[in-house]
1. Report, largest value first, the span of the C-alpha coordinates of region 174-290 along each principal axis, in whole Å.
2. By how many nm would the segment from T211 to D290 lengthen if fully extended, with 0.36 nm per residue of separation less the alpha-carbon distance?
3. Would you kindly find the accessible area of V66, with a 1.4 Å probe and non-protein molecules such as ligands, DNA and RNA excluded, rounding to the nearest 10 Å²?
4. How far apart, in nm, are two points set 7 Å out from the Cα along the Cα-to-Cβ line at S190 and at K266?
5. How large are Rg and Dmax for region 39-127 when calculated on the C-alpha trace, in angstrom?
6. Here are some pairs, K77/K286; K71/K286; K168/K216; K87/K286; K216/K254; K44/K77; which of them have Cα atoms lying more than 18 Å apart in this structure?
7. Taking the Cα centre of the chain as the origin, how large is its charge dipole in debye, to the nearest 20, when only Lys and Arg (+1) and Asp and Glu (-1) carry charge on their Cβ atoms?
8. How compact is region 101-180 by the rule of thumb for globular proteins, expressed as Cα Rg over 2.2 N^0.38 Å?
Amino acid sequence: MKKQIFTGLLAAAMVTASIAGPAMAENATEGAASGELLPGGGNKIIYCITPDTSNPYFATVQNIAVQEGEKLGYEVKTASHSDDASKQLELFEAAIADGAAAIICDNAGADASVEAVQKAYDAGIPTFLVDREINQSGIAAAQLVADNAQGAAAIAEVWVEAMNYEGKYAELLGLESDTNCQVRSENFHSVIDEYPDLEMVAQQSANWDQTEAYEKAESILQSNPEITGIICGNDTMACGAVQACLDAGRDDIKIIGVDGSDDAAKYIKEGHMVGTALQQIALITKTAVDEADAYLNGTAPEEEKQLIPCIAITADNVDNLSAFVYTDPAAEGATEASAK
């Protein structure tokens, strides 16, 4: 089988945006037509808008944005859209009304987020997308994402070896409207489907959620007790699946995820997960803030779409991972040697 893969401020935002929007939009259009950069809102404010920070991955985006932004002299305001495109649009309107210089966003869907990014563009405010792309070019100043195709394929290679190239398995998909969900699944399968003795017997969406993943994995184990592996679109779901397997007395299930979270690292160290593909989200977010600052000071990114490579994390290198940051001992040694 293959895969199928922030309230008063808001009220003020809508009023202010309706007054200021047309003039700002005209300026933005003229700027775009002449090849000039969008002016930004004029205030030293950066908004960082992400999904729910109960997920440590998205909490990292906000934490790094605040740290790096404040270091560069900005006030960073954070908010969560909880993967609700309507709420995301309201938050963008609030940022526009607040005169934000720029917006950093981990968006609520590749198609559903185009309207919000377009509204910021029309208001002359550059948006820097991290982690998730949108299905339109030319309206975001930059789209910085992990190379999900490379990362998913790399960790799938590790998984098929752990499975000894055979056996039945299940897949837990993320939010299916998210491009990352599709890309990761497709590239898991670009590797796995090369091995005819590996058979997927169940595939369900757990929407990036740990509790939902636990419930789905529990149900899959009951219906398909013969499975020996579970591939998961992110670490949050992988951790839910691990716990479901442990509670069912099935510590033999080979499980992988994507993200590189500390929770996944703990399970890898304990032998309950085969591995994960680290998306370098701390680096991605820092780069986005730095590029926003450079943009507001007259230098646009050379490319709108930028891919940051993932790192396959296994028991062999997991000790080098902490808070979504991978420290390469070899690189550190080389740096120290050159400094001597």
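1. Extents along the principal axes: 49, 29, 23 Å.
2. On the way: separation 79, 0.36 × 79 = 28.44 nm, distance 3.51 nm.
Fully extending the segment from T211 to D290 adds 24.9 nm.
3. 40 Å²
4. Here the answer is 3.3 nm between the modelled labels.
5. Gyration radius and largest Cα-Cα distance of region 39-127: 12.0, 34 Å.
6. On the way: K77/K286 15 Å; K71/K286 11 Å; K168/K216 16 Å; K87/K286 25 Å; K216/K254 16 Å; K44/K77 11 Å.
Going by Cα-Cα distance, K87/K286 fall outside the 18 Å limit.
7. Details: 18 positive and 54 negative charges, 88 e Å.
My answer is approximately 420 debye.
8. Values: Rg = 16.9 Å, N = 80, 2.2 N^0.38 = 11.6 Å.
Dividing the Cα Rg of region 101-180 by 2.2 N^0.38 Å gives 1.46.
The values are calculated or read from the model by the stated rules, or taken from the named source; none is laboratory data. Predicted model, so just to flag it, every value in this text is computed and none were measured. When we count neighbours, we look across all protein chains shown, and the Cβ atoms used for this are built from the backbone with ideal geometry, even at glycine. The protein model used for the area step is the full one, side chains on, heavy atoms only, and it has no ligands, DNA or RNA in it. Shrake-Rupley method; radii C 1.70, N 1.55, O 1.52, S 1.80 Å.
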